[in-house]
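Have a look at the structure that comes next, please.
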Amino acid sequence: MTDSARPIYLDYQATTPCDPSVVDAMRPYFVEDFGNPASRTHPYGWRAREAVEDARRQVAGLIGARAREIVFTSGATESNNLAILGAARARSRPGAHVVTCRTEHRAVLDPVGRLEREGFRVTRLGVRPDGRLDLERLRDALLPETVLISLMHANNEIGVVQDLASVGALARERGIWLHSDAAQSAGRIETRVDELQVDLLSLSGHKLYGPKGVGALYVRRGRRLEPLIYGGGHEAGLRSGTLPVPLCVGLGAACALSGERMDADARGQAELRDHLWRRLSGEIDGVWLNGASKPRLPGNLNLGIEGVASQELLAAVPELALSSGSACTSAVPEPSHVLGALGLSPERALECLRISLGRGTRPADVDRAADLLAERVGKLRGRRR
Ligand SMILES: *Cc1c(COP(=O)(O)O)cnc(C)c1O
């Protein structure tokens, strides 16, 4: 990319670059140590297996799990599908009921929709205007037949963090399994399976400075799932297929690094984010913040600017790489379902931007972003008058 094709990256919730140390850790497993971890009869296989098991321990370490409770997948989308379809089908009985929330990622909402077509009863809970789930509403929604709750830890659009520990306590009391999509929280904020009292938890390599195409599902000991993929019986029969050793190694290295850097990264990003918010809200009229300011992912801002369509604004600031609403739907200018769940009208939702900071964000980037946004909003508004 030329410099003009390299805008300032402020879209770390869509994906993150692979950390160079992660790439270094992966490299030997492509050419020299290329063995199949399922080969038990020679050192090529033994070495690959050792690397995968080390990586499994690193993933487990980040979330306070045991290595045996980690299943490697192709990413958080697959982890969510395996958790939701696998748990519901394993616990299927007449009237079985599944609860989720309207602000979930499509990778949760769609498998839940699939369960509904299979005959499961489904409740999709709304949220408060600040994006947080009301625990009383959840309690009221639970039935004797409820088998699974799926509630994300931190939201990919608005960064709002749910009170999972309380949901976990409630679920456990009723014998309901709790799954959480932690693709955005793992590596960014404290995400420990015992504190959160989750039974199943999804994470993704490319959201925590690891490679794309790999993720993990935490499955609490004793929880049996129905697999989605059948074959050689890899991953304790839960996910057949030869493991992508370099990707597993990369995910492990990325988890270890995120664990070491989490506090410093979070502090730095929250400071820059707060500075950016003070500047934007001070220098642009009619700016509002979507979602609770706390608890919230340290690098996330989701804001609206009255009277300025986000698609137009993004086209007017090619120097910045950020997202309007949710990355997954931003190819089509459709109002985000998450912002809709907060109670925003479709018009207001189309005036929103997601800015997400990460490890590469420098103070100068944030100031440049504030300068550019303030200037271009002024231009767009001036043109209209
Ligand atoms: C990115 C993301 C996913 C999808 O993860 P992949 O690894 O890309 O499949 C799922 N849920 C959330 C909350 C995400 O942010």
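So in region 182-232, with the set limited to residues that are of a type in the set (S, T, N, Q) and within 15 Å of the ligand (Cβ to nearest atom), which one is surrounded by the most Cβ atoms within 10 Å (Cβ to Cβ)? Talk me through it step by step, then tell me what you get.
Applying the first criterion (of a type in the set (S, T, N, Q)) to region 182-232 yields 184-185, 191, 197, 202, 204.
Adding the requirement that they be within 15 Å of the ligand (Cβ to nearest atom) leaves 184-185, 191, 202, 204.
On the way: GLN184: 28, SER185: 26, THR191: 26, SER202: 32, SER204: 30.
Checking each candidate, the answer is SER202.
Checking GLY131 against (1) in contact with a strand residue (DSSP E or B) (Cβ under 7 Å, 6 or more places away or on another chain); (2) under 30 Å from GLY250 (Cβ atoms); (3) within 16 Å of the ligand (Cβ to nearest atom), only one condition comes out false. Which one?
(2)
Show the residue pairs meeting these rules: Cβ distance below 6 Å; 6+ apart or different chains; first residue within region 173-199 and within 22 Å of ASN300 (Cβ to Cβ) and charged (D, E, K, R); second residue within 16 Å of the ligand (Cβ to nearest atom) and part of a loop (DSSP other than H, G, I, E, B).
If the second residue must be within 16 Å of the ligand (Cβ to nearest atom) and part of a loop (DSSP other than H, G, I, E, B), the pairs left are ASP181/HIS105; ASP181/MET152; ARG188/LEU297.
Same structure again: Go through region 130-158 and give me each residue that's in contact with an Asp or Glu (Cβ under 8 Å, 6 or more places away or on another chain) and among the basic types (Lys, Arg).
We begin by selecting, within region 130-158, every residue in contact with an Asp or Glu (Cβ under 8 Å, 6 or more places away or on another chain); these are 132-133, 135, 150-153.
Within region 130-158, just ARG132 meets the criteria.
For the subset of region 311-351 comprising residues that are in contact with a Leu (Cβ under 7 Å, 6 or more places away or on another chain) and under 22 Å from LEU125 (Cβ atoms), which member is modelled with the highest pLDDT?
ALA349
When the residues of region 233-246 are narrowed to those that are touching a residue at least 24 places away in the same chain (Cβ under 8 Å) and either within 16 Å of the ligand (Cβ to nearest atom) or touching a His at 6+ places or on another chain (Cβ under 6 Å) (or both), which ends up farthest from GLU78 (Cα to Cα)? Steps first, please.
The initial filter retains those residues of region 233-246 that are touching a residue at least 24 places away in the same chain (Cβ under 8 Å), namely 234-236, 238-239, 242-246.
With the extra rule that they be either within 16 Å of the ligand (Cβ to nearest atom) or touching a His at 6+ places or on another chain (Cβ under 6 Å) (or both), the set shrinks to 239, 244.
Values: ARG239: 10, PRO244: 15 Å.
Per the criteria, the residue is PRO244.
Consider region 338-377. How many of its residues are within 18 Å of TYR9 (Cβ to Cβ), outside any helix (DSSP H, G or I) and not hydrophobic (A, V, I, L, M, F, W, C)?
7
Sticking with this structure for a sec: Is it the case, given these coordinates, that HIS234 is in the same structural domain as GLY35 (by TED's automatic domain parsing) and under 18 Å from the mean Cα position of the chain (by Cα)? If you could, list the steps in order and put the result at the bottom.
On the way: in the same structural domain as GLY35 (by TED's automatic domain parsing): yes; under 18 Å from the mean Cα position of the chain (by Cα): no.
Answer is no for this residue.
Going through region 12-28 one residue at a time, which ones are surrounded by fewer than 18 Cβ atoms within 10 Å (Cβ to Cβ), part of a loop (DSSP other than H, G, I, E, B) and more than 16 Å from the ligand (Cβ to nearest atom)?
First, the residues of region 12-28 that are surrounded by fewer than 18 Cβ atoms within 10 Å (Cβ to Cβ): 15, 17, 20-21, 23-24, 27-28.
In the following step, the residues that additionally are part of a loop (DSSP other than H, G, I, E, B) were identified as 15, 17, 27.
Matches in region 12-28: ARG27 only.
The values are calculated or read from the model by the stated rules, or taken from the named source; none is laboratory data. The structure presented is a predicted model; accordingly, all values stated were derived computationally and were not measured. Cβ sites come from the backbone with ideal geometry, for glycine too, and all protein chains shown count toward neighbours.
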